[in-house]
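Shown next, in structure tokens, is the structure this report addresses.
Since every read-out is calculated from the coordinates, none of them should be taken as a lab result. The structure displayed is predicted, hence computed values, not measured ones. Glycine gets a Cβ as well: all are built from the backbone with ideal geometry, and neighbour counts include every protein chain shown.
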Amino acid sequence: MPDIAIVGSGPAGYYAAEAAQKRWGDAARIDIIDRLPVPYGLIRSGVAPDHQSIKAVSRRYETTALSGDIRFCGNIEIGRDITIADLTACYDAVVLATGAPSDRPLALPGDTSGNVFGSAAFVGWYNGHPDFALLDPDLSSGTAVVIGMGNVALDVARILAKTRDEFAGSDIVGHAFDRLSTSALDRIVILGRRGPHQIMMTPKELGELGHLARAIPRVDPDDLPPLADDAALEPGIRKSVTQLRAFAQNHDREEPGRVPIDFVFYAAPHAIVAGEDGTIAAIDVEQTRMVDGAPVGTGIVRRIPAALLVSCIGYRTAPIPDVPFDDRAGRFANVDGFIQPGLYCVGWARRGPSGTIGTNRPDGYAVIERIATDLESGDWPARSGRAGFDALVQARGLDTVSFDDWKRIETAETGRARTDSPREKFVVVGDMIAARS
Ligand code: NAP
């Protein structure tokens, strides 16, 4: 029976563990290793804090975590504490489920200006990821520009627009709750380089913008293609475009105290303009026109004042030393999850940042089937197994956090929650570790 290491405890990691447990039963030894002392990856620190029903999928991962011979080994960073060569010498198969935690760079003149963030950092800030707890965005005035027409852009715009009361029931962390509650941003712009028919936003998430207490989503009717053209769209995107058409009814609506969320189409980011203090003051955008589905610049540039910019243009996997990397695609170089003998990848680390959480389930099952086929058909050199890994951990003085430890951390987070919130997350690794005892 195989010893399997899964690196990363987000959806892709837990679905792969579930698949391995189903494939080999309780005899397989499965270790899920994470650099943080807490599990669930993107469910904890990517899914929006006001989408608790989506986050509830972690209960399924807990069932997996508590079944068979599956361990959680938190607080171990592969590539720093333990190398890939160490891991592949121990385990029959190593599965990288490390997701895509880094922002695709905007790569614009002026992109190092103050109050300019990528979505990994900004979402990590309001979700309490320890890497971004100190981000300190300034929300004290002016316009927030959100670049991108995907669901992450929608999450960011919605979170920026919500009132204090609208965070009831969410697990937004205290530092973000306080800052957002006193936000004085007076406009939010969502910027797309293509048109309404090319958005990546899903209808349910788009519809949420229409039900916010103080925000008015607005679309310029002149940007909408003729209604008859919607018939050729896939049903999902057609519903989203129908939603945009409803927002066009608001296009000239202004109400005191309410914050417009303006969709600006056919506008490619061109340059970020900083003020004298080095903080963003505006973004220059170049008007585009569509040629064969691609945005082509027209040379017409206009300036949109901006006090905050969050770029939501996609993510990249973080490279790990000695693991082949496809730099253009921003993920591990692989064929159907196979990287090299003994080393595999799954989820966003395999295919890039696309699909829903559920998309990772068939991914996990497919890579485990591939591993089973490889183990059954090839030479299977003797490895030191889980015992070898434990010996390494001990020899290097590493302090692993177990699933039982995590449950104690979780109890502490639940115990310190605000009224109307399920938990107050620890945002410092040392505080997480201290809370396990
Ligand atoms: P996404 O859906 O791929 O959207 C990225 C957006 O960025 C696109 O509109 C893209 O425009 C734009 N973009 C890329 N490069 C750009 C550039 N250089 N300048 C201007 N715009 C640029 O990515 P995402 O929003 O990060 O979402 C990632 C995945 O997570 C998706 O599968 C998404 O559905 C999922 N997600 C789901 C939920 C949910 O279900 N509630 C929430 C969050 C995320 P072009 O199309 O023109 O390239």
Worksheet item: Across 10 Å bins from 0, what is the distribution of all Cα-Cα pair distances for the chain, in whole percents?
Response: 4, 20, 28, 24, 15, 7, 1, 0
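Mind jotting down a quarter of the surface of the convex hull over the alpha carbons of segment 28-88, in square nanometres, one decimal? Don't skip to the answer; put the middle values down first.
Values: hull surface 19.3 nm².
Averaging across all directions leaves 4.8 nm² for the Cα convex hull.
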Discussion item. If I take every Cα pair under 8 Å that is 6 or more residues apart in the chain, average their sequence separation and divide by the length, what percent do I get for the relative contact order?
Written reply: 23 percent
Worksheet item: Computed FRET efficiency, Cβ-Cβ of residue 340 and residue 182, R0 41 Å: what is it to the nearest 0.05?
Response: 0.20
Fill in: Listed residues 181, 198, 170: farthest to the positive end of the dipole of segment 159-240 (Cβ charges)
181
Worksheet item: Between residue 106 and residue 54, what is the spin-label point distance in nm, taking each point 7 Å from the Cα along the Cα→C-beta axis?
Response: 2.2 nm
Response to the item:
Between residue 302 and residue 407, the two model label points (7 Å from Cα along the beta-carbon direction) sit apart by a distance in nm of 5.9 nm
Worksheet, complete the sentence: Residue by residue through segment 268-274, the couplings from Karplus 6.51 cos²θ - 1.76 cosθ + 1.60 with θ = phi - 60°, in Hz, x for Gly and Pro, are 8, x, 10, 7, 9, 9, 9
Practice prompt. Consider a paramagnetic label point 7 Å from the Cα of residue 376 along Cα→Cβ; state which residues of segment 6-37 have an amide N under 13 Å from it.
Written response: 23-24
Practice prompt. Compute the Cα gyration tensor for segment 168-233, then decide on rounded, prolate or oblate, letting a ≥ b ≥ c be the square roots of its eigenvalues: rounded whenever a/c is under 1.5, prolate when a/b is larger than b/c in the other cases, and oblate in all that remain.
Written response: prolate
Worksheet item: Helix 151-161: angle to the longest alpha-carbon principal axis of the chain, degrees 0 to 90, nearest 10?
Response: 60 degrees
Worksheet item: Taking the Cα centre of the chain as the origin, how large is its charge dipole in debye, to the nearest 20, when only Lys and Arg (+1) and Asp and Glu (-1) carry charge on their Cβ atoms?
Response: 540 debye
Worksheet item: If you plug each phi of segment 317-323 into the Karplus form 6.51 cos²θ - 1.76 cosθ + 1.60 with θ = phi - 60°, what whole-Hz ³J(HN,Hα) values come out, in order, with x for Gly and Pro?
Response: 6, 7, x, 10, x, 6, 10
Worksheet item: What nm distance separates the two modelled labels at residue 163 and residue 399, each placed 7 Å from Cα along Cα→Cβ?
Response: 4.4 nm
Fill in: Sites residue 387 and residue 356, calculated FRET efficiency, Cβ-Cβ separation with R0 35 Å, nearest 0.05
0.40
Discussion item. Using each residue's phi in segment 234-240, evaluate 6.51 cos²θ - 1.76 cosθ + 1.60 at θ = phi - 60° and report the 3J(HN,Hα) Karplus result to the nearest Hz, with x for Gly and Pro.
Written reply: 4, x, x, 5, 4, 4, 5
Worksheet item: Given H placed on each backbone N at 1.01 Å, which residues far from residue 283 in sequence or on other chains put an amide H within less than 5 Å of it?
Response: 273, 304, 306
Worksheet, complete the sentence: For the chain, longest principal axis from Cα atoms; helix 360-377 axis from its Cα atoms; angle between them, nearest 10 degrees, is 30 degrees
Worksheet entry | Long-range amide H partners of residue 142 with built H, under 5 Å | 186
Worksheet, complete the sentence: Counting only DSSP loop positions in segment 340-437, the trypsin sites (Lys or Arg not before Pro) whose Cβ has at most 14 other Cβ atoms within 10 Å are 396, 416
Discussion item. Once you order the gyration tensor axes a ≥ b ≥ c over the Cα atoms, which shape class does segment 103-311 get: rounded for a/c under 1.5, otherwise prolate or oblate by comparing a/b with b/c?
Written reply: oblate
Worksheet item: Roughly how many whole Å is it from the C-alpha centroid of segment 67-130 to that of segment 405-426?
Response: 23 Å
Worksheet, complete the sentence: Taking placed amide H atoms and a strict 5 Å upper bound, the residues 5 or more places from residue 262 or on another chain that come that close are 188, 189, 190, 218
Discussion item. What is the angle, in °, between the Cα long axis of helix 385-395 and the longest principal axis of the Cα atoms in the chain? Nearest 10 is fine, range 0 to 90.
Written reply: 80 degrees
Worksheet item: Where does the chain land at 222 nm, in deg cm²/dmol rounded to the nearest 500, when only DSSP H runs of n ≥ 4 count, each adding -39500 (n - 2.57), divided by all residues?
Response: -9000 deg cm²/dmol
Worksheet, complete the sentence: Check: C-alpha center segment 338-381 vs C-alpha center segment 1-56, spacing in Å is 14 Å
Worksheet, complete the sentence: Applying the gyration tensor rule to the Cα atoms of segment 353-437 (axes a ≥ b ≥ c; rounded if a/c under 1.5, else prolate if a/b exceeds b/c, else oblate), the class is oblate
